[in-house]
Each structure stands twice: as C-alpha cells, then as structure tokens.
Amino acid sequence: MSAEPLIEMIDIQKVYNMGDTQVRANDGISLKIYQGEFVAIVGKSGSGKSTLMNIIGALDTPTSGKYILKGQDVSKMKGDYLAEIRNKMIGFVFQQYNLLPKQNLLENVSLPLLYAGLSEGKRKKRALEVLEKVGIGDKWRNLPNQLSGGQQQRVSIARALAGNPSLILADEPTGALDSRTSREVLDLLKDLNREGNTIVLITHDNSIAAEAQRVIRIIDGKVSFDGKVEKYKNVLKESEEEHGSDTSI
Ligand SMILES: Nc1ncnc2c1ncn2[C@@H]1O[C@H](COP(=O)(O)OP(=O)(O)O)[C@@H](O)[C@H]1O
Ligand SMILES: [Mg+2]
C-alpha cells in the first residue's frame, strides 16, 4: 500500500429533491481506498450503493463533501473534465455487460482506446492482449451474442482493463450469472487484483462481498461497517446467531 490513498471521500452527501421531500441517498460517507485493494461495497437495495458508485466513477458529483481521486479533487468537476477522469482512470464493469451487439469482441474492447488517442494498430494489439488475459483471445472475431453470459462478462472485464485504469469499478458483476459462472468471474477479479489492479465491487449480496479483502457496508446512506473481510464474516455470524439464519443485511 502506498501512503497516499487512491480514493479519499470526506463527508460525502448526495441529496435528491423529490418535490417537497429530500432523499439523502449518501449521508456523510467518508472512506479511503488504497491502490491494490479489493473492496466490496455492500448494502440492501435503496441503501445508496448506486449513488456512491456514480460518485466514485465520476458519473456524478456530490451535493457536498470532498472526493479526491489520485490527488485530484473530483467533487466539483463538470462535463468534459469528469468524462476525462472516467475515461482515463476508471474501468467499468456492469451487470448487463453493455457490449455493442454488432461489433466483434476485438472492436468492443478496443473502442475505449479510441478516446485515449491510440493508433488502430496499438488498439488492436492491446485489445487482443486483454482478451487473452481474460481467457477468450481465440474468440476475438465473435459477436457478443455468440458467447455465454460468463464469457460476455469476461469481455466487459477486458474492456475495463484495456486502458490500464487506476480503478476497476464493478457494479453487481455477477448479478446476471449462475453460481458456477459467478465463481469464475470472481476468481478472475481476484487474479486481476493479485496482479495489482485495484478493484471496487458493488453488491447487495453478502456472499459476494465475502470474496473481497475488505468490506464497506452501507445502511441508509451511511457507512455502518468498514474493515477486513474476516471481521465482516464474524459480524454476519453474530447477527445470524441473534436473528436466525436470515443473513440479509
Ligand atoms: N435520481 C434520483 N432521484 C431521486 N431519488 C433517487 C435517485 N437515485 C436514487 N434515489 C434514491 O436514493 C436512495 C438510494 O438509492 P440508490 O443509490 O440507487 O441505492 P442502491 O443502489 O443501494 O439500491 C433510494 O431511496 C432511492 O430511491
Ligand atoms: Mg443500485
């Protein structure tokens, strides 16, 4: 771990105005994430995960509070500046893969590199390299719908990796997959983390969160737990003993 955090959030608030009422979707979140970590952000539906992910991913900015990403204050950035941070620093992985159906795998993966200004030759070389890394280099000519769900998620992980981002941000990456394929995708993320990639995985599922090194649990827009996964598992076990086997959080 380097001394400077990759991500630092200080008292992040995100308030949505809904007519007369205000929703505090993120209500004073402070956290630090260091390079090389594998962190799960876990919480029930409506707890504020997507709101937090949008801020971490520079898709949105907070109502108040500070968000520093690799030394840069992102909290008040707008439009093109935010887009540049996103393109350069963050690789996104979504539940629904978001692949372009008419483009082959190589094209899907090399597209983000176009925005980075790489030549066609370099884009293709890099795209093939990351497709090989996720184990589907031989399928580069295929269209997304010629692949299984797990393979499509590998492509989306390859696309996220292509630009060498500072952070991989994965939102329910196994949400559309069966348990065996989920296992494979989680193992791939773990491998990528072992190779030095920083990963933030967002999930509503405690058993998925338990795969990370560190867990940050969100309840009602606030951090209710932040610590090592072993400790989180103990917390879950204790609440199971108190409340029966229903481990929903
Ligand atoms: N654009 C929005 N406008 C109004 N309320 C929103 C908006 N986005 C989210 N919310 C509200 O903020 C809270 C947190 O939502 P969200 O961040 O999507 O949680 P999660 O991803 O954990 O399900 C919820 O009460 C939700 O209804
Ligand atoms: Mg959500």
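Every number here is computed from the coordinates shown, using simple stated rules; none is lab data. In this text the structure is predicted, and so the values were computed from the model without any measurement. Cβ atoms come from the backbone with ideal geometry, glycine included; neighbour counts cover every protein chain shown.
Brief remarks on what is shown
- Prolate/oblate/rounded call for segment 173-212, Cα gyration tensor, a/c under 1.5 rounded: oblate
- Extent along principal axes [Cα atoms of segment 1-50; Å; largest to smallest]: 45, 21, 11
- Most mobile of D20, D171, D73 in a GNM of the chain (Cα contacts under 10 Å): D20
- Normalised Debye scattering of the chain at q = 0.14, 0.17 Å⁻¹ gives log10 I(q)/I(0) of -0.96, -1.32, counting only Cα atoms as equal scatterers and leaving out solvent.
- Potential lengthening of the chain between F225 and E184 amounts to 12.0 nm, from the contour at 0.36 nm per residue minus the alpha-carbon distance.
- The slack in the chain from N98 to Q22, taken as 0.36 nm per residue of separation less the alpha-carbon distance, amounts to 24.2 nm.
- For the chain, built as a Gaussian network whose Cα springs stay under 10 Å, the top-fluctuating residue of Q13, Q152, Q72: Q72
- Dipole moment magnitude, nearest 20 debye, segment 150-249 about Cα centre, only Lys, Arg, Asp, Glu C-beta charged: 420 debye
- Length available on full extension from K122 to K66: 0.36 nm per residue minus the Cα-Cα distance, which gives 16.5 nm.
- Residues with amide H under 5 Å from that of S75, placed H, sequence gap 5 or more: Y67
- The chain: DSSP helices with Cα axial extent of at least 30 Å and average Kyte-Doolittle hydropathy no lower than 1.6: none
- Built amide H within the under 5 Å cut-off of F38, gap 5+: I199, Q213, R214
- Computed P(r) (all Cα pairs; segment 102-249; 10 Å bins; percent): 11, 35, 30, 16, 8, 1
- Counting DSSP beta bridges with both ends in the chain, the antiparallel % (nearest 5): 55 percent
- Amide H partners (placed H, <5 Å) of G175, local residues excluded: none
- Whether segment 53-155 is rounded, prolate or oblate, judged on the alpha carbon gyration tensor where a/c under 1.5 counts as rounded: prolate
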